[in-house]
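Derivation of every value follows stated rules applied to the coordinates shown; laboratory data play no part. Keep in mind that what you see is a predicted model, and the values were worked out from it rather than measured. Glycine also receives a Cβ, built like all others from the backbone with ideal geometry; neighbour counts cover every protein chain displayed.
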């Protein structure tokens, strides 16, 4: 056992400390919702925009891979392509089937559909039917879990205890997974948080239920990412622009050693959340690390050679907000390390907007 520990220590020392070490394999996961020109722009791409995204990936030597291969690859269980991308679609909207599916078939790429199960078959014209979802499965699409009802899951009901809330969330996730198993015959135990919202307790619950979780905060997905809440890049609305999305497609995952914060779900009076990150800095220059809060540049405070701290200087808004940090890779020129965390700040009544 002692010799094994020494080998592990030697590996970790090499992994985290080698000077100018090349970036480890990373995956960028893209997130879509509507494929339409008549739905809310903030969550929509047109079919032509989706085609442009896929053509860009093809022309720039990206490889679109199955989400299961991405997970296996960052775990070291199989080899990843140099520039790997995963495509995901949330909510099983009808327009994904009618407008998005033909484009995805045209480029012959794998993709994942995260399904909120209650609306399926119950809202014709807006959501797919189970027959359509079964057809997608037969065509190779990964059908995964997006809850039963797409509710704000971290939000507690009035007077609800943490234990009662936890039981309600577990039942929601497991009921949706069982519905997918009953209707489609698969259970991959992949779960996308509605709105990308989670707190510490919900993330822990997803792990305890043996699911892998996916958020809506941005960042590269790599070996040291939080598998309870894997990042995904929004690719719709203002984020559909390839001038910026192209950079995100090639994002790298920081090699994280420690991430410290109180909780992603803030107290109402907790207006300036603090975040500390310890990480391997061998493949970027510390002075090139840039962080952003509400889209504004924020200089991180380096409290050690490999540990920095960021904290908002003015109160974050009610609802969802993010801290984003990026740094250019030394070894992989033109590509950027990317880390993000999403905060939820409730109002005085414990609620927040969609």
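Brief remarks on what is shown
- Residue among 187, 44, 161 with the largest mean-square fluctuation in a Gaussian network model of the chain, springs linking Cα atoms under 10 Å: 161
- Inter-centroid distance (Cα atoms) of region 84-126 relative to region 266-290, Å: 35
- Residues 289, 181 arranged by fewest to most Cβ contacts within 10 Å: 181, 289
- Reported to the nearest whole Å, the Cα centre-to-centre distance from region 325-354 to region 210-248 is 9.
- Expected 222 nm ellipticity per residue - DSSP helices of 4 or more, -39500 (n - 2.57), all of the chain, to 500: -8000 deg cm²/dmol
- Footprinting exposure proxy ranking of 188, 261, 32, fewest other C-beta atoms within 10 angstrom first, gives 261, 188, 32.
- The relative contact order of region 229-279 comes to 32 percent, based on Cα pairs under 8 Å that sit 6 or more residues apart.
- Segment residue 207-residue 131, length gained on full extension (0.36 nm per residue, minus Cα span): 24.3 nm
- Beta bridges per DSSP, both residues in the chain: antiparallel share near 55 percent.
- Computed over the chain with a Gaussian network model linking Cα atoms closer than 10 Å, the most mobile of 192, 331, 92 is 331.
- Using R0 = 22 Å, the C-beta based FRET efficiency linking residue 243 and residue 37 works out to 0.60.
- Cβ crowding within 10 Å ranks 88, 244 as 244, 88, fewest other Cβ atoms first.
- Relative contact order for the chain, counting Cα pairs under 8 Å that sit 6 or more residues apart, in percent: 17
- Potential lengthening of the chain between residue 175 and residue 305 amounts to 42.1 nm, from the contour at 0.36 nm per residue minus the alpha-carbon distance.
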